[in-house]
Amino acid sequence: MNKVSSKTVVCMNNKTDHPLLLDGEAEYAEHVVVKPWLAMLVLLMVCCLSKGSDLSDRSGHLYSTTPGELVPETWRAKWIWIPGVSNHDRNHYMLTRKTFAINKVPAEAHLYITADSHYKLWINGNYVVRGPARCSPHHQSYDILNVSNLLVEGENLIAVKVHYHGMMMAYYLDPYPGLLVQLEWEENGSMQYVVSDRSWKVRRDFAWDNRTELVNRVNANNYTSSYNFNAATPGWQLQGFDDRHWQHAVYQTGPGVWPPKPPDYEPYAVQRPWLQLVPRDLPPLVETDIDAFKVWKLMEAPQYSKYKTWGDRRVHDALHHSMQDVYRPLKNSRVMQVDAFLKGAKPLIIENSYPQEKYVKQPVYHTMVVFDFEELVSGYPYIEVKGRPGTIIDINYVPYLVDDVFIPGIMLDTWADRLMLSGREDKWEGTELRPFRYMSLTVRGEGPVIVYRAGVTREQYPFQQNGSISVPGDPFIEKIWKAGEKTIRAVTTDGYTDNYHENRQYVQTSYYASRGNYSSFFDTYLQRRYLIQHSQDQLPNGMIPMWAPWIIYEGNQQVPGIFEANHFWLMGLRDYFLHTGDTLTTGDLLMSAERCALAINRMQSENNLIHKPPYPYWIDWAKLAQGDQNFIINALQLLAFRQYAELLTWLDSPRKAARWNKEADLLAVSLSRFWDDDTGLFADNLNYGVRDKNFSEHANSLAIVTGVANSVQVQSILDKLIDNHRTGVMEEATLFNYWVAEALAGEGKVAEAIDLLRRKYSHMLEDELGTLWENPNLFAENVGERSSSAPDRFTERSWSTAQAENAFPPNILSRYIFGLHPTAPAMSEMRFSGFLSPYSSFSGTVPTPHGEILISLRDGQYELNVPAGINIWMAKEELEEQQIRGIVVNGTSYDVTLLDDRLDLGSGVFTVLVQK
């Protein structure tokens with residue numbers, strides 16, 4: 001081993017604080033308002049995350065499972081709910097108020113709050129925050145806030161709205177409704193408390209119709225809403241509101257157990273189903289108000305006479321009626337003061353064409369205004385409006401247009417809300433997340449409607465830009481990088497999700513999102529959280545569920561879903577430790593990892609291969625044949641065992657590592673039997689020992705990545721992968737492109753890997769959204785999976801325009817254009833192979849736990865600025881393969897033939913020249 005001394009060591013700032021500010025908001029400067037209280041709370045909650053941290057020199061911004069001293073010493077609060085509303089009553093809202101007095105405003109006042117399912121908090125009339133983060137009730141997440149700046153001397157008010165789903169959602173389970181609140185502060189040397197108990201005043205919010213449908217019955221994202229302002233309780237969250245006629249809260253005692261509870265039983269904060277209360281372990285989401293600033297179109301539609309009335313209270317009315325509307329350019333109705341409204345100067349005035357003799361001589365025309373927010377946003381829509389009592393406003397949301405047409409119900413999702421006006425100035429904000437670019441307001445009724453304000457409270461994870469890339473002469477590289485970043489932002493809420501359509505925290509989609517994230521943002525909270533949450537829902541037999549939170553039953557049998565979730569969880573744990581060096585979290589998860597590895601190892605039978613696993617496996621949207629013994633699922637098993645063994649080696653467990661390396665070796669030998677000499681490819685399946693004639697990019701890419709293919713087979717596969725888009729000899733990957741690119745680039749075919757990305761994604765970059773889609777095309781008929789027999793649903797084009805599996809490009813580009821590959825935990829060692837890049841000029845940054853690596857190539861000279869704590873090294877074997885005979889580092893020459901096995905540069909500022 002050879003060591004290079006740097007001429008200068010540049011100290012770079014360690015990233016000890018989690019980023020709070022968002023990029024890309026400049027274009028909304030005139031329309032955006034960040035919630036004023038949220039900035040203060042973000043600062044507090046991020047500080048909470050850092051307290052009690054297990055910090056090391058290799059993971060300076062990591063934190064422990066608990067925020068230390070800010071955990072309440074004793075939970076005095078009780079779970080409360082509305083009298084007479086049970087856990088079987090779905091989709092209910094509770095309004096609750098608690099007044100209390102303070103003699104002197106304290107320097108610190110910590111509020112601990114959580115709810116089942118979601119809460120929205122006000123203090124003294126000021127909106128504060130919503131939560132909690134997605135969780136399972138057996139590890140119920142609670143938020144910690146310092147609210148001293150919101151308190152006043154004298155009377156104070158805590159007001160909370162709680163929405164209980166009553167059934168499993170994509171991001172939450174359905175145990176029992178309840179609210180838990182505890183406020184603590186010190187006064188005259190003693191602790192003072194305000195806790196949720198029977199003294200709190202509560203009321204069911206009847207303005208929300210609980211009969212509305214789910215947005216998506218398959219994936220159960222959330223509910224549509226139907227809100228009647230005539231039944232609303234305006235001002236309920238303000239001081240001075242008269243709540244004398246409200247009910248007192250009742251205790252939520254959870255499911256019944258033996259012995260029976262007496263009538264005066266007082267529950268604990270920790271009880272079934274909330275078996276453990278866990279402090280929030282990721283930063284709060286940032287909320288930003290975006291007022292409507294652009295109108296896409298103004299349209300009108302004649303009222304269908306077959307419905308007679310547009311105000312019937314049928315379930316899911318907003319979408320049902322909007323789907324029947326046939327819109328045309330505005331002619332009979334009027335929309336006034338549009339430009340002034342968009343500038344915030346005057347209200348928008350809408351007047352429908354509403355003749356007295358309806359449906360006889362002239363039809364009634366409803367008016368539709370479609371706002372364009374110019375990019376995909378996820379958030380909570382709002383409107384301030386006034387119109388005649390009973391006037392209906394239907395709000396619909398779509399992420400993209402179809403042939404320049406706004407189609408409600410696209411993607412089979414019922415993103416729709418219906419409002420019935422009271423005649424007063426009505427203010428509404430949705431409580432369910434809506435992902436969209438276009439938002440329509442359809443006004444149904446007589447008389448003018450005045451819209452004072454409309455827009456969306458955008459909710460975003462606080463990513464911070466840390467990685468970057470620039471390649472002069474090839475703008476595609478920066479475009480695909482930014483598209484990957486934008487895709488990660490689009491699919492992330494309080495967890496990595498597969499897409500905004502399903503909003504589920506899947507293991508495999510989170511794996512790909514994490515990879516892209518480390519190169520772009522270097523956030524560590526999200527991967528840590530999904531690894532922990534999936535381990536918490538691990539089944540008794542050791543299987544990892546495909547998403548978390550997780551509870552689903554098929555008959556009486558609890559099933560984990562997709563089998564390969566186990567592989568991606570093991571590989572994700574290795575990735576997390578590689579990038580962070582977080583020994584505390586990784587050590588805590590090792591028992592789950594071992595149970596998972598043993599569980600999937602037990603599935604191997606004939607020839608050491610998984611044979612007809614009892615669980616389904618999905619792999620990709622591609623049409624992959626599944627046989628008795630499938631190459632792809634077994635190759636993922638091999639890869640998971642190999643990477644798990646590497647993790648164990650890092651953690652100084654050589655005996656366990658050897659065991660799982662041996663299992664991987666046995667799988668590699670067995671997988672060699674899938675080779676087909678006639679085609680020069682690995683077959684997808686063995687059926688009763690006979691290879692089938694199905695060949696895929698998936699199987700053959702993994703054959704290279706796992707090392708199953710020998711050198712001759714690798715060359716044969718590479719030739720066919722490069723030409724497969726022309727020859728079609730293999731089934732093409734849809735959401736498996738990461739492995740195809742990895743196979744090509746890992747074998748030195750970096751230019752070909754980039755061509756693959758260019759071929760797969762260029763048409764998406766031309767799209768106005770600039771994100772990477774769920775499917776190569778938005779047409780469902782290309783795959784044939786999305787269909788519906790419902791007459792009021794649009795079924796032809798229904799794919800998400802942002803998918804986590806396709807968010808990986810920043811990671812591939814960073815490693816293979818820059819040639820920087822992490823090889824030791826906390827990225828403390830990085831192998832440099834920039835000489836494999838197909839470009840003669842590039843520059844960029846690579847984020848690490850120690851600071852950013854700055855790298856550039858100009859005129860054949862590499863410049864690296866490497867922060868302390870990282871050792872950059874070059875492999876002799878790789879240099880020789882590229883016929884590099886000499887390396888010049890900071891003016892000192894090194895003969896490659898005289899190197900031991902590697903050349904260590906260490907950290908500092910380096911100028912590197914390679915001589916061929």
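Cβ contacts < 8 Å: first residue under 21 Å from residue 768 (Cβ atoms), restricted to region 473-494; second residue of a type in the set (Asp, Glu), any location; separation 6+ or different chain. Result?
So the pair list comes out as 491/498.
Would you check if residue 697 is surrounded by 24 or more Cβ atoms within 10 Å (Cβ to Cβ), among the charged types (D, E, K, R) and modelled with pLDDT of 95 or more?
Here the answer is yes, as residue 697 does meet what is asked.
Looking for whichever is more than 23 Å from residue 537 (Cα to Cα), surrounded by 14 or more Cβ atoms within 10 Å (Cβ to Cβ) and not aromatic (Phe, Trp, Tyr) here; the options are 249, 269. Which one fits?
249
For region 436-455, how many residues are open to solvent by 10 Å² or more (accessible area, probe 1.4 Å) and either touching a strand residue (DSSP E or B) at 6+ places or on another chain (Cβ under 7 Å) or without any contact (Cβ under 8 Å) to a residue 12 or more places away in the chain (or both)? Show your work before the answer.
Quick first cut of region 436-455, residues open to solvent by 10 Å² or more (accessible area, probe 1.4 Å) only: 437, 446-448, 450, 452-453.
Those left that are additionally either touching a strand residue (DSSP E or B) at 6+ places or on another chain (Cβ under 7 Å) or without any contact (Cβ under 8 Å) to a residue 12 or more places away in the chain (or both): 437, 448, 450, 452-453.
Selection size over region 436-455: 5.
For region 344-462, list the strands (runs of 3 or more DSSP E) that sit wholly inside it and hold at least 2 residues that are under 23 Å from the mean Cα position of the chain (by Cα); which are they? Reasoning before the result, please.
Working: elements: 348-351, 365-386, 392-398, 416-420, 425-429, 434-444, 449-460.
Counting at least 2 such residues, we get 365-386, 392-398, 434-444, 449-460.
Among the residues in region 188-210, are any in contact with a Lys or Arg (Cβ under 6 Å, 6 or more places away or on another chain) and open to solvent by 50 Å² or more (accessible area, probe 1.4 Å)?
Scanning region 188-210 turns up at least one residue that is in contact with a Lys or Arg (Cβ under 6 Å, 6 or more places away or on another chain) and open to solvent by 50 Å² or more (accessible area, probe 1.4 Å).
Report the residue count in region 620-642 for those that are part of a helix (DSSP H, G or I), open to solvent by 10 Å² or more (accessible area, probe 1.4 Å) and touching a Phe, Trp or Tyr at 6+ places or on another chain (Cβ under 9 Å).
1
Is there a residue being modelled with pLDDT of 90 or more and among the aromatic types (Phe, Trp, Tyr) anywhere in region 619-634?
The answer is yes, given that some residue of region 619-634 is modelled with pLDDT of 90 or more and among the aromatic types (Phe, Trp, Tyr).
Within region 455-468, can one find any residue that is of a type in the set (A, V, I, L, M) and touching a helix residue (DSSP H, G or I) at 6+ places or on another chain (Cβ under 6 Å)?
The answer is no, given that none of the residues of region 455-468 is of a type in the set (A, V, I, L, M) and touching a helix residue (DSSP H, G or I) at 6+ places or on another chain (Cβ under 6 Å).
Pick out, from region 21-125, the strands (runs of 3 or more DSSP E) lying fully within it that include 1 or more residues that are surrounded by fewer than 18 Cβ atoms within 10 Å (Cβ to Cβ) and modelled with pLDDT of 50 or more.
So the answer is 92-102.
Is it true that some residue in region 506-516 is surrounded by fewer than 23 Cβ atoms within 10 Å (Cβ to Cβ), modelled with pLDDT of 95 or more and either in the same structural domain as residue 335 (by the TED database) or of a type in the set (A, V, I, L, M, F, W, C) (or both)?
No; the residues of region 506-516 include none that is surrounded by fewer than 23 Cβ atoms within 10 Å (Cβ to Cβ), modelled with pLDDT of 95 or more and either in the same structural domain as residue 335 (by the TED database) or of a type in the set (A, V, I, L, M, F, W, C) (or both).
So in region 359-394, with the set limited to residues that are open to solvent by 10 Å² or more (accessible area, probe 1.4 Å) and touching a helix residue (DSSP H, G or I) at 6+ places or on another chain (Cβ under 6 Å), which one is modelled with the lowest pLDDT?
Of everything passing the filter in region 359-394, 359 is modelled with the lowest pLDDT.
So which of 668, 683 ends up being touching a residue at least 40 places away in the same chain (Cβ under 8 Å) and open to solvent by less than 10 Å² (accessible area, probe 1.4 Å)?
The match here is 683.
Would you point out which residue out of 741, 709, 733 is surrounded by 22 or more Cβ atoms within 10 Å (Cβ to Cβ) and either modelled with pLDDT under 95 or touching a strand residue (DSSP E or B) at 6+ places or on another chain (Cβ under 6 Å) (or both)?
Sole residue among the options that is surrounded by 22 or more Cβ atoms within 10 Å (Cβ to Cβ) and either modelled with pLDDT under 95 or touching a strand residue (DSSP E or B) at 6+ places or on another chain (Cβ under 6 Å) (or both): 733.
Yes/no matrix, rows are residues, columns are (1) in contact with a helix residue (DSSP H, G or I) (Cβ under 7 Å, 6 or more places away or on another chain); (2) in a helix (DSSP H, G or I); (3) not small (Gly, Ala, Ser):
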position	(1), (2), (3)
481	yes, yes, yes
485	yes, yes, yes
488	yes, yes, yes
504	no, no, yes
513	yes, yes, no
516	yes, yes, no
534	yes, yes, yes
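Only one residue in 190, 196, 148, 225 is of a type in the set (S, T, N, Q), more than 23 Å from the chain's Cα centre (by Cα) and closer than 15 Å to residue 117 by Cβ. Which one?
Just a single option satisfies the conditions, and that option is 225.
Restricting attention to region 401-435, which residues are crowded, with 22+ Cβ neighbours inside 10 Å, under 20 Å from residue 328 (Cα atoms) and out of contact with any strand residue (DSSP E or B) (no Cβ under 6 Å at 6 or more places or on another chain)?
Once the filter is applied, which keeps residues that are crowded, with 22+ Cβ neighbours inside 10 Å, under 20 Å from residue 328 (Cα atoms) and out of contact with any strand residue (DSSP E or B) (no Cβ under 6 Å at 6 or more places or on another chain), region 401-435 yields only 409.
Here is a list: 236, 258. Which entry is touching a strand residue (DSSP E or B) at 6+ places or on another chain (Cβ under 6 Å) and either among the polar types (S, T, N, Q) or assigned to a loop (DSSP other than H, G, I, E, B) (or both)?
Exactly one residue qualifies, and that residue is 236.
Find all pairs meeting these conditions: Cβ atoms under 6 angstrom apart; at least six residues apart or on different chains; first residue within region 644-657 and hydroxyl-bearing (Ser, Thr, Tyr); second residue surrounded by 16 or more Cβ atoms within 10 Å (Cβ to Cβ).
Here the result reads 644/570; 644/597; 644/660; 649/657, each pair linking region 644-657 to a residue that is surrounded by 16 or more Cβ atoms within 10 Å (Cβ to Cβ).
Restricting attention to region 695-704, does a residue exist that is farther than 21 Å from residue 508 by Cβ and out of contact with any helix residue (DSSP H, G or I) (no Cβ under 7 Å at 6 or more places or on another chain)?
Within region 695-704, the first condition is being farther than 21 Å from residue 508 by Cβ, and the residues that meet it are 695.
So of that shortlist, the ones also out of contact with any helix residue (DSSP H, G or I) (no Cβ under 7 Å at 6 or more places or on another chain) come out as 695.
For region 695-704, residues farther than 21 Å from residue 508 by Cβ and out of contact with any helix residue (DSSP H, G or I) (no Cβ under 7 Å at 6 or more places or on another chain): present.
Do we have residue 175 as in a loop (DSSP other than H, G, I, E, B) and farther than 30 Å from residue 434 by Cα here?
For residue 175, the condition - in a loop (DSSP other than H, G, I, E, B) and farther than 30 Å from residue 434 by Cα - is not met.
Can you name every residue in region 583-619 that is open to solvent by 10 Å² or more (accessible area, probe 1.4 Å), over 14 Å from residue 573 (Cα atoms) and in contact with a Gly (Cβ under 7 Å, 6 or more places away or on another chain)?
Selection gives 598 alone.
Provide a single number: the residues in region 787-827 that are modelled with pLDDT of 95 or more and surrounded by fewer than 20 Cβ atoms within 10 Å (Cβ to Cβ).
Here the count works out to 4.
Being modelled with pLDDT of 95 or more, among the acidic types (Asp, Glu) and either under 16 Å from residue 807 (Cβ atoms) or not in a loop (DSSP other than H, G, I, E, B) (or both), is that true of even one residue in region 748-768?
Yes, region 748-768 contains at least one residue that is modelled with pLDDT of 95 or more, among the acidic types (Asp, Glu) and either under 16 Å from residue 807 (Cβ atoms) or not in a loop (DSSP other than H, G, I, E, B) (or both).
Quick grid of which residues meet (1) touching a residue at least 60 places away in the same chain (Cβ under 8 Å); (2) in a loop (DSSP other than H, G, I, E, B); (3) buried (at least 20 other Cβ atoms within 10 Å of the Cβ):
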{"site": "133", "(1), (2), (3)": "yes, yes, yes"}
{"site": "138", "(1), (2), (3)": "yes, no, no"}
{"site": "142", "(1), (2), (3)": "yes, no, yes"}
{"site": "145", "(1), (2), (3)": "yes, no, yes"}
{"site": "155", "(1), (2), (3)": "yes, no, no"}
{"site": "159", "(1), (2), (3)": "yes, no, yes"}
{"site": "163", "(1), (2), (3)": "yes, no, yes"}
{"site": "168", "(1), (2), (3)": "yes, yes, no"}
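All but one of (1) touching a Cys at 6+ places or on another chain (Cβ under 9 Å); (2) open to solvent by less than 20 Å² (accessible area, probe 1.4 Å); (3) of a type outside the set (S, T, N, Q) hold for residue 868, so report the exception by its number.
So the condition that residue 868 fails would be (2).
The values are calculated or read from the model by the stated rules, or taken from the named source; none is laboratory data. This one's a predicted model, so the numbers in the text were calculated from it and none came from an experiment. We place every Cβ from the backbone using ideal geometry, glycine too, and count neighbours over all the protein chains shown. For accessibility, only protein heavy atoms count, side chains too; no ligands or nucleic acids. Shrake-Rupley method; radii C 1.70, N 1.55, O 1.52, S 1.80 Å.
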